[in-house]
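J.: Provided herewith is a single structure, encoded as structure tokens, for subsequent inquiry.
The values are calculated or read from the model by the stated rules, or taken from the named source; none is laboratory data. Everything numeric here is computed off the predicted structure, so don't read it as measured data. Reconstructed Cβ throughout: ideal geometry from the backbone, glycine too, with neighbour counts over all protein chains shown. Surface accessibility is based on the protein's heavy atoms, side chains included, excluding ligands, DNA and RNA. Shrake-Rupley method; radii C 1.70, N 1.55, O 1.52, S 1.80 Å.
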Amino acid sequence: MQLAQKYKKPCLFHSEVITDTNGNIVRNGVSDPDLIYETARKFPQIPVILGHMGLGGKEANEVAINTLISSIENGDARLYADLAWVDFDNPLKPTIVEIIKRLLNTSQGDKTERLLFGTDAPLGIFGERALKQKNAYENNLRDIKQAIEENFKEEANKLTNRIFYRNSKKLFLSGIDTTI
Ligand SMILES: [Zn+2]
């Protein structure tokens, strides 16, 4: 984080909410979104990305979504969420739709600038399964774009452009304004 501050760069952390063998959330993992938030609060100008937005399914994603929204409402850290691997097996992309809705309607206004895609790997399927589903990546992108179109109509182009291109360009290529 100190190096990120020195060189004015964002930091990415793989985020993961741990569940026990019964699928219950236990919240003691080293990649827990709240631990990442705690770190981000110590360097409030440095953008910090929650890779995979909590990982591991709906409940885990929900934890990360709440962390991200809290950070925006509290204004005490610059958290982002990466959507790679989120909703990978669900073509309707309900979690992605939910986080977009919540970010469009924060008390600070539209904060969809905080969503990214593909800054953490894997982007979804990997290993042996990936060899058997060669179009998995294209299909995933197509389904995400389609879910955005169906749920956000006239805002869809703007949102897709932000999530897949503009937000990353701004964050990684335009330099970070450390005065805010
Ligand atoms: Zn990761």
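J.: Do you know which of the residues in region 19-51 that are within 17 Å of the chain's Cα centre (by Cα), hydrophobic (A, V, I, L, M, F, W, C) and within 16 Å of the ligand (Cβ to nearest atom) is farthest from ALA64 (Cα to Cα)?
T.: Among residues in region 19-51 that are within 17 Å of the chain's Cα centre (by Cα), hydrophobic (A, V, I, L, M, F, W, C) and within 16 Å of the ligand (Cβ to nearest atom), the one farthest from ALA64 (Cα to Cα) is VAL48.
J.: Follow-up question, since we're still on this one. Any chance you could count how many residues in region 2-16 are more than 11 Å from ARG78 (Cα to Cα), part of a loop (DSSP other than H, G, I, E, B), of a type outside the set (Ser, Thr, Tyr) and under 19 Å from the mean Cα position of the chain (by Cα)? Spell out how you get there, then give the answer.
T.: From region 2-16, those more than 11 Å from ARG78 (Cα to Cα) are 2-9, 12-16; that's our starting set.
Next, only the ones that are part of a loop (DSSP other than H, G, I, E, B) stay: 8-9, 15-16.
Of the ones still in play, those that are also of a type outside the set (Ser, Thr, Tyr) are 8-9, 16.
With the extra rule that they be under 19 Å from the mean Cα position of the chain (by Cα), the set shrinks to 9, 16.
Number of matching residues: 2.
J.: Would you be able to say whether some residue in region 56-68 is out of contact with any Ser or Thr (no Cβ under 6 Å at 6 or more places or on another chain), within 14 Å of the ligand (Cβ to nearest atom) and β-branched (Val, Ile, Thr)?
T.: Within region 56-68, not a single residue is out of contact with any Ser or Thr (no Cβ under 6 Å at 6 or more places or on another chain), within 14 Å of the ligand (Cβ to nearest atom) and β-branched (Val, Ile, Thr).
J.: Given (1) within 16 Å of the ligand (Cβ to nearest atom); (2) open to solvent by less than 20 Å² (accessible area, probe 1.4 Å); (3) at positive phi, identify the lone condition not met by LYS93.
T.: LYS93 satisfies every listed condition except (1).
J.: So, ALA130, is that one touching a Leu at 6+ places or on another chain (Cβ under 6 Å), at negative phi and within 16 Å of the ligand (Cβ to nearest atom) or not?
T.: no
J.: Something else now. Taking the stated definitions as given, is ILE163 buried (at least 17 other Cβ atoms within 10 Å of the Cβ) and at pLDDT below 95?
T.: No.
J.: Before we move on, is LEU141 without any contact (Cβ under 8 Å) to a residue 40 or more places away in the chain and either touching a Pro at 6+ places or on another chain (Cβ under 6 Å) or open to solvent by 50 Å² or more (accessible area, probe 1.4 Å) (or both)?
T.: Judged against the criteria, LEU141 is not a match.
J.: Further question: For region 17-65, how many residues meet the condition of being closer than 20 Å to LEU171 by Cα, open to solvent by less than 40 Å² (accessible area, probe 1.4 Å) and either acidic (Asp, Glu) or in a loop (DSSP other than H, G, I, E, B) (or both)?
T.: 2
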